[in-house]
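J.: Structure below; questions to follow.
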Amino acid sequence: DDGRLTQFGGPVFSKVDYDTGLAAAAAFGWDFSRYVALDFETGYIGAKINNVPGYISDNSRLYNVPFLVNVTLSCPIPRTNIIPYVGAGVGGADVVFDTDQFGPAPNNFVTGSENDVVFAGQIFAGVRFKLTSNMSLDLGYKYFATGDPTFTYSPDNFNVGFRGVRTHSVLLSFRFDF
């Protein structure tokens, strides 16, 4: 989703357009039964800021490194290798704002990288296709959202803030069960 710039030294409300980004994730967990699983997930979600009207955005990017605990509910279809699933996760994300130059004018800008740790959550659903007893392919959808990060630049404690990230992802995954 497009975002919002919420602070640049004070309150602002400017639309942020992001380029299509990249996401990768890894999860490790435990299947309590054929129907319920719990896992810890981390990964990377990043996107380049394409445009903020009235602002210079030179090579500016937002990165998220989520750390989430997920619960997955599965419903195996009898006598098939098809397993629909739904789930949700909660935790946090280390959000990084990295820029060569970002600001409303050439003499009023921030540079460099700053980070903020914020609340994060996700919901997901999909279909798992069992290839063998311990390997499968997943086709799924994931909605991921974070709280609103604020990045503080030294030496003046100058704050730059964005509305939390909201991403929609269609994922093709390979799963290996031990």
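The values are calculated or read from the model by the stated rules, or taken from the named source; none is laboratory data. Computed from a predicted structure; not experimentally measured. Counting neighbours? That spans all protein chains shown, and the Cβs are built from the backbone with ideal geometry, glycine included. Heavy atoms of the whole protein, side chains included, go into the accessibility calculation; ligands, DNA and RNA do not. Shrake-Rupley method; radii C 1.70, N 1.55, O 1.52, S 1.80 Å.
J.: Going by average Cβ density within 10 Å per residue, which order do the peptides 93-102, 7-16 take, highest to lowest?
T.: With the highest mean Cβ count within 10 Å placed first, the list reads 93-102, 7-16.
J.: Picking from 155, 23, 172, whose Cα lies most toward the positive end of the charge dipole for the chain (charges on Cβ: Lys, Arg +1; Asp, Glu -1)?
T.: Among 155, 23, 172, the one farthest towards the positive end of the dipole of the chain is 172.
J.: Follow-up. Using the scaling law 2.2 N^0.38 Å as the reference, what is the normalised Cα Rg of the chain?
T.: On the way: Rg = 19.2 Å, N = 178, 2.2 N^0.38 = 15.8 Å.
Compactness ratio reported: 1.22.
J.: Can you tell me the accessible area per residue over the stretch 59-158, all protein chains present, probe 1.4 angstrom, in square angstrom?
T.: Ligands and nucleic acids excluded, the result is 50 Å² per residue.
J.: Cα centroid distance between the stretch 57-76 and the stretch 109-133, in Å?
T.: Taking the Cα centre of each part, the stretch 57-76 and the stretch 109-133 sit 1 Å apart.
J.: Tell me the label-point distance for the pair residue 7, residue 172, using the 7 Å Cα-to-Cβ offset, in nm and rounded to one decimal.
T.: About 4.2 nm, to one decimal.
J.: Which of the three applies to the stretch 21-72, rounded, prolate or oblate, going by the alpha-carbon gyration tensor with a ≥ b ≥ c and a/c under 1.5 meaning rounded?
T.: prolate
J.: Tell me, what is the per residue accessible area of the stretch 1-51 in Å², probe radius 1.4 Å? Each step should come with its number before you reach the end.
T.: On the way: 3260 Å² over 51 residues.
So the stretch 1-51 comes to 64 Å² accessible per residue, rounded to a whole number.
J.: Taking springs between alpha-carbon atoms closer than 10 angstrom, which of 148, 116, 31 fluctuates most in the Gaussian network model of the chain?
T.: Of 148, 116, 31, the Gaussian network model singles out 31 as fluctuating most.
J.: Right, something else. Summarise the accessible area of the stretch 1-64 (1.4 Å probe, protein heavy atoms) by the percent that is carbon and sulfur.
T.: Its accessible area is 56 percent carbon and sulfur atoms.
J.: Within the stretch 95-178, what whole-number % of the accessible surface is contributed by carbon and sulfur, with the 1.4 Å probe and all protein chains included in the calculation?
T.: 58 percent
J.: I've got another one for you. Applying 1/(1 + (r/R0)^6) with R0 = 25 Å to the Cβ-Cβ distance of residue 139 and residue 48, what FRET efficiency is obtained, to the nearest 0.05? Let's see the in-between values first.
T.: On the way: r = 27 Å, r/R0 = 1.07.
Efficiency computed from Cβ-Cβ geometry: 0.40.
J.: Under 5 Å between amide hydrogens, which residues at least 5 positions from residue 148 or on another chain qualify, with H placed 1.01 Å from N in the peptide plane?
T.: For residue 148, whose amide H was placed from the backbone, the distant partners under 5 Å are 164.
J.: Dipole magnitude of the stretch 34-178 about its Cα centre, charges +1 at Lys/Arg Cβ and -1 at Asp/Glu Cβ only, in debye to the nearest 20?
T.: Rounded to the nearest 20 debye, it is 900 debye.
J.: Starting from the coordinates of the alpha-carbon atoms of the stretch 1-105, obtain the Kirkwood hydrodynamic radius over all distinct pairs and give the value in Å to one decimal.
T.: Across the stretch 1-105, the inverse of the average 1/r is 16.5 Å.
J.: If you take the square roots of the eigenvalues of the alpha-carbon gyration tensor of the stretch 43-136 and sort them as a ≥ b ≥ c, do you get rounded (a/c under 1.5), prolate (a/b over b/c) or oblate? Before the final figure, lay out the partial values.
T.: Values: a/c = 3.90, a/b = 3.01, b/c = 1.29.
In terms of gyration-tensor shape, prolate.
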